[in-house]
There are 2 protein chains.
Amino acid sequence: MASKLILSSPNSLLLQNPNLQHHNHHLLLKPATNMASFPNLTNKVKALTIKCAATTATPLSQSQDLEERVFNFAAGPATLPEKVLKKAQSELYNWHGSGMSVMEMSHRGKEFLSIIQKAEADLRALLNISEDYAVLFLQGGATTQFAAIPLNLVKPEDSVDYVVTGSWGDKAFKEAQKYSKPKVIWSGKSEKYTKIPSFDSLEQTPDSKYLHICANETIHGVEFKDYPDPKNGILVADMSSNFCSKPVDVSKFGVIYAGAQKNVGPSGVTIVIIRKDLIGNAQGITPVMLDYKIHAENNSLYNTPPCFGIYMCGLVFDDLLAQGGLKEVEKKNKKKGDLLYNAIDESKGFYRCPVDKSVRSLMNVPFTLEKSELEAEFIKEAAKEKMIQLKGHRSVGGMRASIYNAMPLAGVEKLVAFMKDFQARHA
Amino acid sequence: MASKLILSSPNSLLLQNPNLQHHNHHLLLKPATNMASFPNLTNKVKALTIKCAATTATPLSQSQDLEERVFNFAAGPATLPEKVLKKAQSELYNWHGSGMSVMEMSHRGKEFLSIIQKAEADLRALLNISEDYAVLFLQGGATTQFAAIPLNLVKPEDSVDYVVTGSWGDKAFKEAQKYSKPKVIWSGKSEKYTKIPSFDSLEQTPDSKYLHICANETIHGVEFKDYPDPKNGILVADMSSNFCSKPVDVSKFGVIYAGAQKNVGPSGVTIVIIRKDLIGNAQGITPVMLDYKIHAENNSLYNTPPCFGIYMCGLVFDDLLAQGGLKEVEKKNKKKGDLLYNAIDESKGFYRCPVDKSVRSLMNVPFTLEKSELEAEFIKEAAKEKMIQLKGHRSVGGMRASIYNAMPLAGVEKLVAFMKDFQARHA
């Protein structure tokens, strides 16, 4: 909150707030009142430290915002990079001098076209996506894709395989029953979704058209560390909750799809990356909005896309590139994950993570307390310390810390310190 | 841009910018440097007018924003109320002291629940929607509803009727062919979509399950002024482009649906208002995300909804209520529409609107120039005057001024003045 008032020239004061670099103000004194009129001041005011406080209760001044930000461990929608939010805020009313908010722009105007084209180009750069693949910005979440995948890729009588490592894979399988003959070739359900099978052991259906996986199960915290090569058909992955958290060899996949609201943006945008030769075979009953061909031919502009959400994704992509790309992002995620899993493993059983160590998610860390009666207290105390949304999914209970790309290391450090303190008080 | 630096107490300066009330700063001087140390200054600085300029090129200061705003006549996404944008901007980084952006909130957290519940309550108040109707906040635009309507309401062999008064009604009819036996019982195509039939003349299919209309055709500027009572089945309306522009008797309809991006928010939100007894009959092939029952049972939270878009709609609903509700809004829209249509009709044929006077849209005003070779020049000159997106839809050409709720009267006045000036120079 400390601001500096600096005499930057004989007729100019600079009001500088280190938290608000783009709100620095040059105060140009009128000739009649320039600093030469104040000889005593001229010498003394050069770096006068002053306190700066907003005069009205709402909205909160931005300096207060910075202090009051919580660490948000929600599974999605989830925390976004502070820089990205600040940029979005600064541009919200008037994007790049266009005289409009991004929310007001025609999706066919040159301004929005530049936004969506840059978003696509940056995503292609991040994931090294070749021109053999189309990149689509759609609506409806991964749940819509659960239907779109079989509707676009196969015929109703076709066999398709599902490896079910958690609730989301199971939902995808069930939806596919409406449009194909799906088979669950492996399920982790009997072991409460804590494992991923060895790929060699998988027996695929001989004429299966695709193998579907959920790359990271948000609820159960189970993450594929490498990917199977299907013996039959293509590999299709729901990457909603680990999309852009690490490098991925896109060429191994027929289709990758992801809701944006974990790592790359707000809810309301779904990204589909699909090999172009797979496009154009939709079943006759496919709603036009679920037909990849329609969207690919129209560069995601067949109907009005979720423009502001796409813009936000673009800001995040830009930020990820500025961080050095996904290799660097993965390093940071590993560091955060190690810190948290080590704290759990070194707690002598006070905290427990049920997931097999080899497939623990770097994005969603589920854990329980040995003394389960303390879990509500844990969540409540953490919230008081401004660490929120640590409650596990209602279907599994316990706690869950979602530590996506935008969760700062400081957030995990604070959580770990809190966990140690809580243990010391309750062990 | 002029700010004032006011000596508000012996140890406090107030930096006041009239354009930026919530950026007023109290500058609290440290004891060692309080104003008593500057006797010369104490007398002279009481109301020192100073200039205040941001030190970095981006973001634009908010006072610059106000000066540079354009009048945006885009058909959607479209102009939003300035107040709403300012509020969204001020809250973007930290919503109501929650320490989070709305974009970061769990859709199941108490903060977002309060947002979506208020949005629904305010919409119910605006349109006087009874408890017999469900209000759903969905994704995918009206185009997704073109499929969802027949999928949810009828069986594949059922007859349904479509009155086609423009391109959107035609698209709805075509999509319905996948899931029902639709019949176009009237089409305005041969007259280039400039009319709406008298309802008495409509011959409905005897066993038709519903009658579908597009309440306002965005491209052709044709708007229903009252609504038919179907002899058979229920009335279903796509109200995307005149939703909340005037009062509507919801009880006349089985289903009303609307993309938000014309009158009530950004793109990415679709609102469905459906009589509850019609819910629960979806065809077996209906994707789960297109099944009204799923969304109604889960209060639009079956999967992650487009949270920020819903929040923006809520701000708009709040603003519409604050304006006095839809009767007041309709008065303003009539005034704007009359002004523009009168300018066209009084131009002695220099400007022409092809639409039958009785059904001219108050939202989308298409017009042409008698000298069609001047149209490009008209659009270009208007854009220079900061009136943008006046080009007609690529399928019909000419000009189109979309003057939704949020287009200020001043925007229409400026357009009309420009039209008269343009005519004077080119007649």
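Taking Lys and Arg as +1 and Asp and Glu as -1, the other residues whose beta-carbon sits under 12 Å from that of B:K252 total -2.
Annotation for A:A376 and A:K174: the two label points, set 7 Å from Cα along the Cα-Cβ direction, are 2.8 nm apart.
Working note: Karplus 6.51/-1.76/1.60 with θ = phi - 60° gives region B:163-173 the couplings 9, 10, 10, x, 4, 6, x, 5, 5, 4, 4 Hz, where Gly and Pro are set to x.
Residues A:R69, B:R394, B:R425, B:R275 ordered from highest to lowest accessible area at a 1.4 Å probe: B:R394, B:R425, B:R275, A:R69. Rounded to the nearest 0.05, the FRET efficiency derived from the C-beta distance between A:K155 and B:K183 at R0 = 25 Å is 0.25.
Heavy atoms only, probe 1.4 angstrom, no DNA, RNA or ligands counted: give me B:H96, A:H393, A:H212 ranked by accessible area, highest first. Walk me through the intermediate numbers first.
Details: B:H96 125, A:H393 40, A:H212 5 Å².
So, going from the largest accessible area down, we get B:H96, A:H393, A:H212.
Among the residues of region B:103-125, those with an accessible-area drop of 30 Å² or more from chain alone to full protein complex, heavy atoms and 1.4 Å probe, are B:M103, B:E104, B:S106, B:R108. Of all DSSP beta bridges in region B:83-323, what percent run antiparallel (nearest 5)? Bridges in region B:83-323 that DSSP calls antiparallel: roughly 45 percent.
Shape analysis of region B:325-425 based on the Cα gyration tensor places the equivalent ellipsoid semi-axes at 21, 15, 13 Å, largest first. Ligands, DNA and RNA are left out, and with a 1.4 angstrom probe the accessible area of region B:83-323 is 33 Å² per residue.
Applying the criteria of a DSSP loop state and at most 14 other Cβ atoms within 10 Å to the chymotrypsin sites (Phe, Trp or Tyr not before Pro) of region A:68-109 yields no site. Its alpha carbons considered, region B:138-225 gives a radius of gyration followed by a Dmax of 12.6, 36 Å.
How high is the relative contact order of region A:83-323? Use alpha-carbon pairs under 8 Å, at least six apart in sequence, and give a whole percent. Answer for region A:83-323 is 26 percent. Once R0 is set to 25 Å, what does the formula 1/(1 + (r/R0)^6) return for the Cβ-Cβ distance between B:K276 and B:N232, expressed as a FRET efficiency to the nearest 0.05? That gives a FRET efficiency of 0.75. Annotation: lysines with alpha-carbon distance below 18 angstrom to A:K380 (same-chain offsets under eight excluded): A:K371, A:K391, A:K414, A:K420, B:K110. For region A:168-262, applying the loop criterion from DSSP together with a ceiling of 12 other beta carbons within 10 Å to the GluC sites (Glu not before Pro) yields A:E203.
Extending 7 Å from the Cα toward the beta-carbon at both A:K334 and B:K386 defines two label points whose distance is 5.3 nm. Backbone amide hydrogens, once placed in the peptide plane, bring B:V184 within less than 5 Å of B:Y162, excluding anything fewer than 5 places away on its chain. Separation of region A:209-224 and region B:345-423 by C-alpha centroid, Å? The two parts, judged by their Cα centres, are 53 Å apart. Spin-label model, B:S190/B:L321: points 7 Å from Cα along the beta carbon direction are separated by 4.9 nm. With a cut-off of 15 Å, note down the residues of region B:301-335 whose backbone N falls inside the zone around a label point 7 Å from the Cα of B:K110 toward its beta carbon. Hits in region B:301-335 for B:K110 at 15 Å: none.
Reducing region A:239-263 and region A:147-186 to their Cα centroids gives an inter-centroid distance of 19 Å. The contact between chain B and chain A removes approximately 8100 Å² from the accessible area (both sides summed; 1.4 Å probe; ligands, DNA and RNA excluded).
The values are calculated or read from the model by the stated rules, or taken from the named source; none is laboratory data. Keep in mind it's a predicted model, so treat the numbers as computed, not measured. Heads up, the Cβs are rebuilt from the backbone with ideal geometry, glycines too, and the neighbour counts pull from every protein chain shown. These accessible areas exclude ligands, DNA and RNA; they are computed on the full protein's heavy atoms, side chains included. Shrake-Rupley method; radii C 1.70, N 1.55, O 1.52, S 1.80 Å.
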